[in-house]
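Notes for the one structure printed next.
The values are calculated or read from the model by the stated rules, or taken from the named source; none is laboratory data. Model, not experiment: these values are computed from the prediction. Note that each Cβ is placed from the backbone with ideal geometry, even for glycine, and that neighbours are counted across all protein chains shown. With ligands, DNA and RNA removed, areas are computed over all heavy atoms of the protein, side chains included. Shrake-Rupley method; radii C 1.70, N 1.55, O 1.52, S 1.80 Å.
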Amino acid sequence: MSADETGPLRVLVVEENPHARADVIALLENSDELQVIAETSAGHDALPLARRLRPDVILLNASAAPHTAPLSKSSRVLVLAADPASAEPALRQGACGHLVPGAFTVPDLIRALRDASRADLGLSAREAEVMDLIASGRSNGEIARQLYLSEKTVKNHVNRIYSKLGVGSRATAIALWRGMVSVLPAKD
């Protein structure tokens, strides 16, 4: 997915238990914001799939933790584990979060992805608040009125946000903020 697209997040599901995998896929397929592009039962099959398909998100069973580090270089990895302690190895190797299979909803997954994305972006609390409003489709004038700021102050926040995110457009900033892109191409 290019940085300017706002299509669904592309998900690779890696779960050894076929019933749990089917449950996760059924949950994800009921959302317009997510698209399951592949599934596998084995962690060692995930790396070639990830390299070929370049998913935005990989949902990885905790038993496949040894494969987390190489997978997390190209995609966000969320580890699926009933016990938080079993998620620790994957989190240490680069997974950005942990979800309990059967206990999360699509909004929970999207929130986990957004939170993981935002943690690395370095925005101040006010800039994050402005970015949330930008991502919800508000204009600078609407943001100014909602936050009781001048439009000039909002413009200053937007310029700092673009600078910190390394983007040049609202669409790219929104895609990054929503966790729809993992890595932006280097500027020439």
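A few remarks follow.
- Scanning the stretch 99-118 finds no residues that are more than 30 Å from residue 42 (Cα to Cα), over 13 Å from the mean Cα position of the chain (by Cα) and modelled with pLDDT under 85.
- Helices (runs of 4 or more DSSP H) lying entirely in the stretch 9-113 (those with 2 or more residues that are crowded, with 16+ Cβ neighbours inside 10 Å, touching a residue at least 12 places away in the same chain (Cβ under 8 Å) and among the hydroxyl-bearing types (Ser, Thr, Tyr)): 68-72
- Residue that is among the hydrophobic types (A, V, I, L, M, F, W, C), open to solvent by 80 Å² or more (accessible area, probe 1.4 Å) and free of Cβ contacts under 8 Å to residues at least 40 places away in the same chain, where the choices are 144, 125: 125
- Among residues of the stretch 153-170 that are closer than 12 Å to residue 127 by Cβ, those with a beta-carbon under 6 Å from a residue that is crowded, with 18+ Cβ neighbours inside 10 Å and β-branched (Val, Ile, Thr) at least six positions away or on a different chain give the pairs 154/143; 157/130.
- Extreme residue, farthest from residue 165 (Cα to Cα), among residues of the stretch 128-141 that are of a type in the set (Gly, Ala, Ser) and either at pLDDT 95 or above or surrounded by 13 or more Cβ atoms within 10 Å (Cβ to Cβ) (or both): 141
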